[in-house]
Amino acid sequence: MTTELPEYYFRVRENGAFVFRVDTENRQRRIEMDQIATVNIKNGEIKPHGDRELSPEDLAVIEDWMEERAEVLAERDLDDILRTVDHLNLTTHWAQSRASAEDLERITDALLLAMHDLRTVLVRKKAERLTNDG
């Protein structure tokens, strides 16, 4: 663990983060975190906290974090989809080898509808890509 704390801390929330400036240079030698902004990743909005004005350095750090966070979330989305492929394969094996008639009755309609919906979207998107590339 490093002995020096970062100058900024981002408390992640669903659509972004609360941004804090970290201060350890005080008389009590306590860690103080002063909220300076709220960030919304979805719309790119940076709102200063209260009547605070953000410095160019604050904005640069926040914008860098937003860019990195968007990349992390995009990677996670793809990883989740690849895990879904694995789960579909495991589900296929389960349905073929271990599922009881009652189990299959319970999940078949919901799974078939979800798979049909997914297939419809994937086929449409593939057709759009082929049309645009051709």
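The values are calculated or read from the model by the stated rules, or taken from the named source; none is laboratory data. Note that the coordinates shown come from a computational prediction; the quantities given were computed from them, not determined experimentally. Positions of Cβ are backbone-derived with ideal geometry, glycine not excepted, and every protein chain shown enters the neighbour counts.
Considering only residues that are in a loop (DSSP other than H, G, I, E, B), in contact (Cβ under 8 Å) with a residue 12 or more places away in the chain and either among the aromatic types (F, W, Y) or closer than 19 Å to E71 by Cβ (or both), which ones fall in segment 25-56?
Within segment 25-56, I41, K42, G44 qualify.
Confirm whether N40 is at pLDDT below 95, polar (S, T, N, Q), farther than 25 Å from L122 by Cβ and under 17 Å from the mean Cα position of the chain (by Cα).
Spelling it out, it is not the case that N40 is at pLDDT below 95, polar (S, T, N, Q), farther than 25 Å from L122 by Cβ and under 17 Å from the mean Cα position of the chain (by Cα).
Pick from segment 13-24 the residues that are out of contact with any Asp or Glu (no Cβ under 9 Å at 6 or more places or on another chain) and free of Cβ contacts under 8 Å to residues at least 12 places away in the same chain: which of them is surrounded by the fewest Cβ atoms within 10 Å (Cβ to Cβ)? Write out each step before concluding.
So the first thing to find is which residues in segment 13-24 are out of contact with any Asp or Glu (no Cβ under 9 Å at 6 or more places or on another chain), and the list is 13-15, 17-18.
Add one more test, that the residue is free of Cβ contacts under 8 Å to residues at least 12 places away in the same chain, and what stays is 13-14.
Details: R13: 12, E14: 8.
Going through the qualifying residues, I end up with E14.
Can A99 be described as in a loop (DSSP other than H, G, I, E, B), at pLDDT 95 or above and either more than 23 Å from the chain's Cα centre (by Cα) or farther than 25 Å from G16 by Cβ (or both)?
Yes, satisfied.
Which pairs have Cβ atoms under 9 Å, sit 6 or more apart or on different chains, and link a residue in segment 77-89 that is within 17 Å of L111 (Cβ to Cβ) to one that is in a helix (DSSP H, G or I)?
L88/M115
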